[in-house]
Amino acid sequence: MINESVQKALNEQLNKELSSAYLYLAMSADFEQKNLFGFAKWMKVQSGEELKHADKIYGFILERGGKVDLMTIEKPQQSWESAMKAFQDAYEHEKFITNSIYSVLELSQSQKDYATVEFLQWYVKEQVEEEAQTEQIVKKLEMIGDTPAGLFMLDQELGHRE
Ligand code: FEO
């Protein structure tokens, strides 16, 4: 049986992963409306990744005999002034998620819930990648600056994400 405080923290993390999916879906729609189809594709794939992150937690809670508590997902921002602003927000969001994972991990350790400690190792590794990829795109956007040709090329590159 899962520890009650850990179960609560996992349900909150489940909500954050679903909120992440919602945020990136909003970014995807905004990019598509601005004809940045490669950026839109990248964000759509990212949104799908977040659903998988949520699903893993959902499955884990149930596997441990716990109770899934689906909470309200807040309405995300609908529009960003630039690709740079959207990816800066994505990078900041990933750092927030990393800290949130660390908090659940610390709680699991303090509660001696070693199964959850082990489960969360996957997220610790995943967050290294999640932060790195959004940060790299922010850096590329910084290099591009206001050059439309650069933005066009990055849009092409990001559109290859599967
Ligand atoms: Fe599920 Fe992007 O962290």
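The values are calculated or read from the model by the stated rules, or taken from the named source; none is laboratory data. In this text, all values refer to a predicted model and were calculated from it rather than measured experimentally. Quick reminder, even Gly has a Cβ in these numbers, built from the backbone with ideal geometry, and neighbours come from all protein chains shown.
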Unique residue being farther than 23 Å from Phe87 by Cβ and crowded, with 19+ Cβ neighbours inside 10 Å when the list is Leu36, Leu14: Leu14
Any hit, the range 133-148, residues being assigned to a helix (DSSP H, G or I), exposed (fewer than 12 other Cβ atoms within 10 Å of the Cβ) and modelled with pLDDT under 95: yes
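Can you tell which of Glu118, Glu162, Glu81 is surrounded by fewer than 17 Cβ atoms within 10 Å (Cβ to Cβ) and not in a loop (DSSP other than H, G, I, E, B)?
None of the others qualify; the one that does is Glu118.
Across the range 92-113, what is the total count of residues that are of a type outside the set (A, V, I, L, M, F, W, C) and either within 12 Å of the ligand (Cβ to nearest atom) or over 16 Å from Ile2 (Cα atoms) (or both)? Step through it out loud before you land on a result.
Restricting attention to the range 92-113, the residues satisfying the condition of being of a type outside the set (A, V, I, L, M, F, W, C) are 92-95, 98-100, 102-103, 106, 108-113.
Among the residues that remain, those that are also either within 12 Å of the ligand (Cβ to nearest atom) or over 16 Å from Ile2 (Cα atoms) (or both) are: 92-95, 98-100, 102-103.
Number of matching residues: 9.
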Residues that are assigned to a helix (DSSP H, G or I) and surrounded by fewer than 17 Cβ atoms within 10 Å (Cβ to Cβ), drawn from the range 52-73: Lys52, Asp55, Lys56, Gly59, Leu62, Glu63
Residue satisfying all of: in the range 123-147; more than 16 Å from the ligand (Cβ to nearest atom) and free of Cβ contacts under 8 Å to residues at least 24 places away in the same chain; farthest from Tyr102 (Cα to Cα) among these: Thr147
Checklist (1) under 20 Å from Ser103 (Cβ atoms); (2) within 12 Å of the ligand (Cβ to nearest atom); (3) in contact with a Lys or Arg (Cβ under 9 Å, 6 or more places away or on another chain) applied to Gln13, failing item: (3)
The range 33-48, residues that are in contact with a helix residue (DSSP H, G or I) (Cβ under 8 Å, 6 or more places away or on another chain) and assigned to a helix (DSSP H, G or I): Phe37, Gly38, Phe39, Ala40, Lys41, Trp42, Met43, Lys44, Gln46, Ser47, Gly48
